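The values are calculated or read from the model by the stated rules, or taken from the named source; none is laboratory data. Predicted model, so just to flag it, every value in this text is computed and none were measured. Note that each Cβ is placed from the backbone with ideal geometry, even for glycine, and that neighbours are counted across all protein chains shown.
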Amino acid sequence: MIKRIGWGTLVGALMISLGLPWVFVLQGLPFNLPTPTAQLWHYPGIASALRDSLVVGLVASCISLFIASIIIGRDATHGKPKTNDVGLTFAAPHLAFAIAFLWLFTPFGWFDRVLPFALPWFEQQSLVTLITILVFKETPFLVVLGRQQLAQLPYRQWILQGRSVGTSAQRSWWLIVFPAWLKAMRLVLIAVAIYTVSVVDVAQVTGPLNPPLLAPLVVNWQLQFDPLSQQLAEQGTWLLMGLAGMMALWVIAQELVLRCLMSARVGRVVAQSYEAAVALATSIIRRASLIALLGVSTAACIALIALTFARGWFYPSVLPLEWSIASWSAHNDLLLQRLGTTLSIGLVVAVLATMAITALREWQRHHRYEINDAWLLAALFVPQLSLVVAWLHSDWSQWFSNDTASVVMAHFWFSFAYGYLIYAPAERAVPQTHLTLGRSLGFGYWRSWWWFKRPLLTGALAHCLLVTLLVSVAQYVPTLLLGAGRTPTLTTELVALSSGGEWQLPAMFATALWLLALVSLVLTQIISKEPEL
């Protein structure tokens with residue numbers, strides 16, 4: 001079928017589907033700039049919202065990079081990594097993990113009942129709580145993507161070269177491999193930094209409220225229809241893009257500074273005691289981080305499931321008065337409806353995005369022409385909220401008049417970028433010799449790909465499907481605003497339920513989200529044969 005359609009038509013349609021949303025962005029981006037005299041600056045608490053948003057973005061992204069660098073460093077210096085060590089946390093939906101974290105660690109939570117001392121750092125909604133949750137979620141993401149980027153570098157030869165001149169493997173990692181790895185991770189780090197500074201759903205549930213961060217504030221303005229709120233939303237959109245630009249510059253500056261620091265230390269003689277102390281410290285940090293990731297994720301998953309069956313779990317009781325399935329029986333219809341909507345949209349998006357990514361990569365390899373990754377990942381370099389607000393002011397709704405089609409298109413666009421991050425490095429590492437062999441035997445291009453090249457990419461394709469599905473399932477802002485509330489999913493329902501004081505119903509939806517992700521992860525591991533997460 002693809003052969004009959006032709007490369008030009010196929011890739012042309014794909015590039016139109018990727019470029020059309022940008023046309024709507026340019027058309028609908030409001031030119032109501034936050035000038036010094038703008039109404040935005042008179043809004044109470046806007047300075048605090050800006051400051052707190054920057055603090056969250058800077059601190060969360062820096063700590064995540066620090067921990068991920070230490071874990072990747074161990075992979076580089078000790079052979080093949082333990083590829084399943086962050087899988088549980090990586091697959092956990094942000095919102096589900098956040099709900100469980102709040103139940104476990106905040107005042108009147110479960111650990112507050114068990115431990116003889118309080119945990120005063122984690123308030124129900126605070127900067128510390130939000131930053132901690134983002135670190136727990138973004139660190140595994142950086143580890144998974146970092147391992148893929150590391151595999152594209154000749155790091156073993158570099159470390160051997162360093163050791164041949166008397167430099168330890170640990171020091172060779174930091175001085176030789178780390179700068180190159182950091183450069184390869186630049187686009188990923190920019191995407192993470194922009195996400196942390198503009199996150200909406202997790203910030204609404206766990207972030208400060210008085211005032212909230214800038215991104216939730218813009219969503220609240222957008223959902224109100226009076227002229228002043230719409231004006232504030234338009235100006236806030238530009239302000240959010242300004243914060244994203246600052247985070248991108250921060251990532252680039254951080255990279256340059258770290259690379260200069262590492263270059264300046266090359267050739268210096270270091271005492272063995274100092275080097276041993278650094279190695280011990282990094283080993284402790286790595287072990288503690290992995291234990292924390294696995295331990296907290298496991299406890300969070302168990303806590304969510306326990307909450308759904310608990311009745312009468314009042315403070316300070318460690319266990320509930322009784323266990324019951326009454327809550328599941330009372331709300332199973334609503335839960336199944338939301339699960340069906342979430343899964344159907346997610347599967348359609350995952351299949352379409354994976355097929356599109358595969359076709360685009362094969363076109364590039366076939367024509368020996370590499371499109372710069374930055375163009376294909378551009379959706380990750382602009383705050384998602386800013387893009388959606390621009391679409392709302394454009395002709396988007398005329399092209400996608402059906403709410404479900406509008407949501408699917410938005411999910412596809414964002415899922416494509418994340419899926420490409422996962423699939424492209426793995427595909428680049430596979431030579432074309434097997435495909436060429438198939439064609440020499442008289443098979444067509446895609447038949448050769450299926451029988452000769454696809455088996456080498458089974459793991460990459462499975463993980464691309466997994467990531468695109470998880471991204472679609474986790475989408476909140478596009479589903480809420482473009483769906484106009486008529487395409488409710490598990491994620492949108494969970495955010496709405498979390499605004500109240502009840503724990504059990506949000507826990508049910510969070511459990512369904514997490515179990516959906518876990519089942520997807522297990523199936524991915526089975527299909528890929530050799531786990532990579």
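Based on what the data block shows, is Asp201 buried (at least 24 other Cβ atoms within 10 Å of the Cβ) and more than 17 Å from Leu54 (Cβ to Cβ)? Judged against the criteria, Asp201 is a match. Starting from residues that are under 25 Å from Trp375 (Cβ atoms), among the hydrophobic types (A, V, I, L, M, F, W, C) and in a helix (DSSP H, G or I), keep the ones in the stretch 25-45 and report whichever is nearest to the chain's Cα centre (by Cα). Among residues in the stretch 25-45 that are under 25 Å from Trp375 (Cβ atoms), among the hydrophobic types (A, V, I, L, M, F, W, C) and in a helix (DSSP H, G or I), the one nearest to the chain's Cα centre (by Cα) is Val25. Exactly one residue out of Ser297, Ser263 is closer than 19 Å to Trp110 by Cβ and not hydrophobic (A, V, I, L, M, F, W, C), and it is Ser297. Pairing residues of the stretch 87-102 that are under 17 Å from Val199 (Cα atoms) with residues that are of a type in the set (Lys, Arg) and in a helix (DSSP H, G or I), at Cβ distances under 7 Å and at least 6 apart in sequence or on separate chains, gives His94/Lys137; Phe97/Lys137. Here the helices (runs of 4 or more DSSP H) wholly within the stretch 271-383 that include at least 2 residues being at pLDDT 90 or above and among the hydroxyl-bearing types (Ser, Thr, Tyr) are 272-309, 326-367. Look at the stretch 357-373: where a residue is without any contact (Cβ under 8 Å) to a residue 40 or more places away in the chain and a partner is part of a loop (DSSP other than H, G, I, E, B) and not small (Gly, Ala, Ser), sitting 6+ places away or on another chain with Cβ atoms under 7 Å, you get Gln364/Glu370; Gln364/Ile371. Going through (1) surrounded by fewer than 17 Cβ atoms within 10 Å (Cβ to Cβ); (2) at pLDDT 85 or above; (3) of a type in the set (Asp, Glu) one by one, Asp403 falls short only on (2).
When the stretch 482-529 is filtered for residues that are among the hydrophobic types (A, V, I, L, M, F, W, C) and farther than 30 Å from Val144 by Cα, the ones remaining, listed by number, are Leu482, Ala484, Ala496, Leu497, Trp503, Leu505. The number of residues in the stretch 428-456 being of a type outside the set (A, V, I, L, M, F, W, C), more than 31 Å from the chain's Cα centre (by Cα) and either surrounded by 15 or more Cβ atoms within 10 Å (Cβ to Cβ) or part of a helix (DSSP H, G or I) (or both) comes to 9.
Among the residues that make up the stretch 15-24, is at least one of them among the β-branched types (Val, Ile, Thr), modelled with pLDDT under 90 and in a helix (DSSP H, G or I)? Yes, the stretch 15-24 contains at least one residue that is among the β-branched types (Val, Ile, Thr), modelled with pLDDT under 90 and in a helix (DSSP H, G or I). The requirement of being over 15 Å from Ala49 (Cα atoms), outside any loop (DSSP other than H, G, I, E, B), without any contact (Cβ under 8 Å) to a residue 12 or more places away in the chain and among the β-branched types (Val, Ile, Thr) is satisfied by Val257.
Does Thr491 count as in a loop (DSSP other than H, G, I, E, B), in contact (Cβ under 8 Å) with a residue 12 or more places away in the chain and farther than 28 Å from Arg361 by Cβ? So Thr491 fails the test. The residues of the stretch 272-309 that are hydroxyl-bearing (Ser, Thr, Tyr) and loosely packed, with under 11 Cβ neighbours inside 10 Å, listed by number, are Ser273, Tyr274.
Considering the stretch 110-167, the residues that are small (Gly, Ala, Ser) and in a loop (DSSP other than H, G, I, E, B) include one that is surrounded by the fewest Cβ atoms within 10 Å (Cβ to Cβ), namely Gly166.
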